[in-house]
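The values are calculated or read from the model by the stated rules, or taken from the named source; none is laboratory data. The shown structure was predicted, so the numbers you read here are calculated from the model rather than taken from an experiment. In this analysis, Cβ positions are derived from the backbone assuming ideal geometry, glycine residues included, and neighbour counts consider all displayed protein chains. To get the accessible areas, we keep the full protein, side chains included, count just its heavy atoms, and leave off ligands, DNA and RNA. Shrake-Rupley method; radii C 1.70, N 1.55, O 1.52, S 1.80 Å.
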Amino acid sequence: MTHIIDMTGRQFGRLTVIERAGRRPNGNATWRCQCTCGNTCVVDGHRLRVGETTSCGCLQREQSRRNLLANPATRKRMGDYHLLAKKWHPTTTELRSSNQSGITGVSFDKRRQKWIAHLYYKGRYVLNESFEDKADAIAARQAAERKYLA
Ligand SMILES: [Zn+2]
């Protein structure tokens, strides 16, 4: 029988061990932990000791969100959505109209089956991106307009 190290009360990152939870089929002891975020979770003791698990999962969620926000393109697009929600409310008719967007700087690429948003500014394309969704292309173009033409 594998020796069980009592880990009750010990802290691993955001997790504090509350009690022994059970045993995995492979023999590893599992522990119920209290996370600083308020969740409880059951974690493999080995994973706690080697520092593999330091939260109920909230840490990873925060980190992936941070990574997402650290990416300038994503951040820009998310910013656009915020502005979009405030300033621009497309109607269904606008979005349905035809193949062409009717909006300057946004056109449909039939070959690639994508919406292209572009903005030519001071001799170069400051925006030239393709989107699955027309609304996204329009948002990108409008964001670029605000950035360069405002
Ligand atoms: Zn948590």
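A compact table of results
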read-out: Residues satisfying the stated conditions in the stretch 130-150, i.e. surrounded by 13 or more Cβ atoms within 10 Å (Cβ to Cβ) and either closer than 9 Å to W115 by Cβ or of a type in the set (A, V, I, L, M) (or both); value: S130, F131, K134, A135, D136, A137, I138, A139, A140, A143, A144
read-out: The one condition in (1) touching an Asp or Glu at 6+ places or on another chain (Cβ under 8 Å); (2) closer than 15 Å to K76 by Cβ that G102 fails to fulfil; value: (2)
read-out: Neighbours by Cβ (under 8 Å, 6+ apart or cross-chain): first from the stretch 123-147, within 20 Å of R111 (Cβ to Cβ) and part of a loop (DSSP other than H, G, I, E, B); second open to solvent by 20 Å² or more (accessible area, probe 1.4 Å) and acidic (D, E); value: none
read-out: Within the stretch 35-52, tally of residues that are assigned to a loop (DSSP other than H, G, I, E, B) and of a type outside the set (A, V, I, L, M); value: 6
read-out: Restricting the stretch 103-114 to residues that are more than 28 Å from the chain's Cα centre (by Cα) and surrounded by 10 or more Cβ atoms within 10 Å (Cβ to Cβ), the residue that is modelled with the highest pLDDT; value: T104
read-out: Considering residues of the stretch 38-65 that are among the small types (G, A, S) and either surrounded by 12 or more Cβ atoms within 10 Å (Cβ to Cβ) or within 11 Å of the ligand (Cβ to nearest atom) (or both) only, the residue nearest to N26 (Cα to Cα); value: G45
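Residue-by-condition table, conditions (1) of a type outside the set (F, W, Y); (2) modelled with pLDDT under 90; (3) in a loop (DSSP other than H, G, I, E, B); (4) under 22 Å from the mean Cα position of the chain (by Cα):
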| position | (1), (2), (3), (4) |
| --- | --- |
| I5 | yes, yes, yes, no |
| V17 | yes, no, no, no |
| N26 | yes, yes, yes, no |
| S55 | yes, no, yes, yes |
| Q60 | yes, yes, no, yes |
| R65 | yes, yes, no, yes |
| L68 | yes, yes, no, yes |
| R77 | yes, yes, no, yes |
| Y81 | no, yes, no, yes |
